[in-house]
Amino acid sequence: MGAVNGFKVQGVAGDIDRVSVQSTEQSSHLLVRRRWKFTPARWTEIELARDELMVLKCNDGEAVVRIKSLGGPFGRLRIDARPWRISALAEGSVETIRLERNRAVFLTTSAQRHPARGTAGLTV
């Protein structure tokens, strides 16, 4: 796929098996619930291209997830969790997000270009 940014997602609490990561360029990913109560939840590593948009949502439930930025050539990982906040994670930073019912979180890179304007930033 060439040069890409990356991030990891880990389910912390709630309906983890209902959390999906959907992409404009890749197939969807589903998070896996941990097998035993006292084992740590598994991290899922996902690649993110420069002009790619990822959507993280919990289908018919609520969950808490951790997102860790792995960095890359296209700048910081932008997390758009409106109406709560918009943040940019540097390489190695971790953020915990609560996914409420019927809400989505958008993940992009800070170098993303809008498809119609070429070099302009993403407008959501």
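Each reported figure results from applying straightforward, stated rules to the coordinates on display, with no laboratory input. Keep in mind it's a predicted model, so treat the numbers as computed, not measured. All Cβ positions, even for glycine, are placed from backbone atoms using ideal geometry, and neighbour counts span all protein chains on display.
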What number comes out for the charge environment of Arg101, summing +1 per Lys or Arg and -1 per Asp or Glu over other residues with Cβ under 13 Å away?
-> 0
In the range 1-84, which GluC sites (Glu not before Pro) are in a loop and have at most 13 other Cβ atoms within 10 Å, using DSSP for the loop call?
-> Glu25
Please report, in debye to the nearest 20, how large the charge dipole of the chain is about its Cα centre when each Lys and Arg carries +1 at its beta carbon and each Asp and Glu carries -1 there.
-> 320 debye
Counting Lys and Arg as +1 and Asp and Glu as -1 over every other residue whose Cβ sits under 15 Å from the Cβ of Cys58, the net charge comes to +2
Intensity falloff of the chain expressed as log10 I(q)/I(0), Debye formula with alpha-carbon point scatterers, at q = 0.18, 0.23 Å⁻¹ = -0.93, -1.45
Not counting the cut sites, what is the longest span of the chain without trypsin sites (Lys or Arg not before Pro) that DSSP labels loop and that have at most 11 other Cβ atoms within 10 Å?
-> 38-116
What chymotrypsin sites (Phe, Trp or Tyr not before Pro) does the range 1-58 have in DSSP loop regions with at most 13 other beta carbons within 10 Å?
-> Trp36, Phe38
Could you grab the relative contact order for the chain? Cα pairs under 8 Å, six or more apart, rounded to a whole percent.
-> 29 percent
Charge-dipole axis of the chain as Lys and Arg at +1 and Asp and Glu at -1 on Cβ define it, positive-most pick from Ser27, Thr109, Gly92 = Gly92
Give, as a single signed number, the net charge of other residues whose beta carbon lies under 13 Å from the beta carbon of Phe7, with Lys and Arg counted +1 and Asp and Glu -1.
-> 0
Simple spin-label estimate for Arg103 and Ala3 in nanometres, 7 Å along Cα-Cβ | 3.5 nm
The extension gain from Glu95 to Leu30, computed as 0.36 nm times the residue separation minus the Cα-Cα distance, is 21.5 nm
